[in-house]
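Visitor: Sharing a structure below in structure tokens format, with a few things to ask.
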Amino acid sequence: MTTTTATIPPSLRVDVECLWSYHDMHHDIRPVDVGIGLGSHDLGVAMVATDLFRRGMYPRLIFSGANAPTTIDRFPRGEAVHYRDYAISHGVPADAISVETQARNTGQNIELSRELLARQRVEVRSVILMSRPYQQRRAYATCRKVWPKVDIVCASHPQSLDGYVANIGNADKVINMLVGDTQRIQKYAELGFAIPQHVPADVQLAYARLVGAGYTTRLV
């Protein structure tokens, strides 16, 4: 039985924490050539992108993203455009930012950002991919597939699982998203959209239990 509360039910906490930790790549942040912020409903992407630019982690920043049904109301001018506006208003120079406004999925985020950088004649050997916390592993696997020679660091706005749930305001939504992204790790590799990723036994069991508990709205 699913929940619409703003907190994770105690009976599900171990399984939800298991998936949350699995999707975090736990990468050490280091300087790279370009930062790429992947569009979504989560303004935390713009926040971490701004913070890392101000810390000198990259000289150039791209925000990529059109709109999806889940973002059109919050970001009516497009995800990338709103992310850019946030970054500029928090101190990132406008001429350090490019926007890619056509991408509608993670593969397109990366492919179209790569094409944009090529048109700008920017040499890219390394990138920081910034995404929702539970999207890190899928973003990494997708980038390794479509841009295999680039060195990848994954990052998200730093916050705890409980903090993220509180920000979203709906534990049901967060759990469904975690379950959906866990399925996509294997499904998208099978479809050729991403490289395969090891899924430990405890993650497989946590995923199966949450599916059995009714968290299926984000499955494909």
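Visitor: Please give me, ordered by residue number, the trypsin sites (Lys or Arg not before Pro) of the stretch 1-59 that lie in loop per DSSP and have at most 13 other Cβ atoms within 10 Å.
Guide: Sites meeting the loop and neighbour criteria: R55.
Visitor: Which whole-number percent gives the relative contact order of the chain, counting Cα pairs below 8 Å spaced six or more residues apart?
Guide: Over the chain, the number comes to 28 percent.
Visitor: What chymotrypsin sites (Phe, Trp or Tyr not before Pro) does the stretch 1-70 have in DSSP loop regions with at most 11 other beta carbons within 10 Å?
Guide: none
Visitor: Per residue of the chain, what 222 nm ellipticity follows from adding -39500 (n - 2.57) for every DSSP H run with n ≥ 4, rounded to the nearest 500?
Guide: Result for the chain: -14000 deg cm²/dmol, rounded to the nearest 500.
Visitor: So if R0 is 41 Å, what FRET efficiency would T5 and R54 give, r being the distance between their Cβ atoms, rounded to the nearest 0.05?
Guide: Result of the calculation: an efficiency of 0.70.
Visitor: Any lysines with Cα under 22 Å of the K187 Cα? List them, leaving off those in the same chain fewer than 8 positions away.
Guide: Here the lysines satisfying the reach criterion relative to K187 are K145, K173.
Visitor: On a 0 to 90 degree scale, rounded to 10, what angle separates helix 44-54 from the longest Cα axis of the chain?
Guide: Long axis of 44-54 versus the principal axis of the chain: about 40 degrees.
Visitor: With a 10 Å radius around each residue's Cβ, average the other Cβ atoms per peptide and rank 75-81, 56-62, highest first.
Guide: Highest to lowest by the protection proxy: 75-81, 56-62.
Visitor: Looking at S89, S126, G37, which one has the Cα that reaches farthest to the positive end of the dipole of the chain (charges on Cβ: Lys, Arg +1; Asp, Glu -1)?
Guide: Final value for the positive-end residue is S126.
Visitor: Still on this structure: Any chance you could give the angle, 0 to 90 degrees and rounded to 10, that helix 79-89 forms with the longest Cα principal axis of the chain?
Guide: Taking Cα atoms only, the helix is inclined about 60 degrees.
Visitor: Quick check for me: using +1 on Lys/Arg Cβ and -1 on Asp/Glu Cβ, what's the dipole size of the stretch 78-143 about its Cα centre, in debye to the nearest 20?
Guide: 260 debye
Visitor: Quick check: the angle from helix 201-212's long axis to the longest principal axis of the chain, C-alpha only, nearest 10 degrees?
Guide: Around 70 degrees separate the two axes.
Visitor: Under 1.5 on a/c is rounded, so check that first for the stretch 11-76, then, if it is not, pick prolate when a/b is larger than b/c and oblate when it is not; a ≥ b ≥ c are the square roots of the alpha carbon gyration tensor eigenvalues.
Guide: Because a/c hits 1.5 or more and a/b fails to exceed b/c, the stretch 11-76 counts as oblate.
Visitor: Using a simple charge model, +1 on the beta-carbon of Lys and Arg, -1 on the beta-carbon of Asp and Glu, nothing else, what dipole does the chain show about its Cα centre, in debye to the nearest 20?
Guide: Here the chain has a charge dipole of around 400 debye.
Just so you know, all these numbers are worked out from the coordinates, no wet-lab data involved. Because the structure is predicted, anything quoted here is derived from the model rather than measured. Cβ: placed from backbone, ideal geometry, glycine included. Neighbour counts: every protein chain shown.
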